């Protein structure tokens with residue numbers, strides 16, 4: 001399944017800033033801390049992948065700026081792949097992996 005590569009929309013792109021923090025995290029603990037700050041509703045939400053836009057995985061959905069905002073980050077917790085959507089899952093792009101992942 002080929003996804004487009006995530007691109008920033010400029011200096012004030014909150015989604016890109018959130019993804020950059022995850023990708024540049026220096027350790028697994030730092031990564032989990034950052035995720036805990038953005039888990040949907042503070043409790044976390046599993047991304048079900050009903051439309052099969054992503055391969056099978058163990059996905060968590062992260063909010064960028066609250067539930068009313070359509071931007072989301074999806075993290076595959078089994079291999080740490082990071083995905084992004086600006087339009088509430090109509091399109092999903094691949095954003096990378098944290099630098100500490102081999």
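General remarks:
- Any chance residue 22 is in contact (Cβ under 8 Å) with a residue 60 or more places away in the chain, farther than 19 Å from residue 91 by Cα, touching a strand residue (DSSP E or B) at 6+ places or on another chain (Cβ under 8 Å) and part of a helix (DSSP H, G or I): yes
- Residue 3 modelled with pLDDT under 90 and either surrounded by 15 or more Cβ atoms within 10 Å (Cβ to Cβ) or more than 12 Å from residue 61 (Cα to Cα) (or both): yes
- Residues satisfying the stated conditions in segment 9-26, i.e. loosely packed, with under 12 Cβ neighbours inside 10 Å and either touching a helix residue (DSSP H, G or I) at 6+ places or on another chain (Cβ under 8 Å) or modelled with pLDDT under 90 (or both): 9, 10, 11, 12
The values are calculated or read from the model by the stated rules, or taken from the named source; none is laboratory data. Nothing here was measured: the structure is a model prediction, and the numbers come from that model. When we count neighbours, we look across all protein chains shown, and the Cβ atoms used for this are built from the backbone with ideal geometry, even at glycine.
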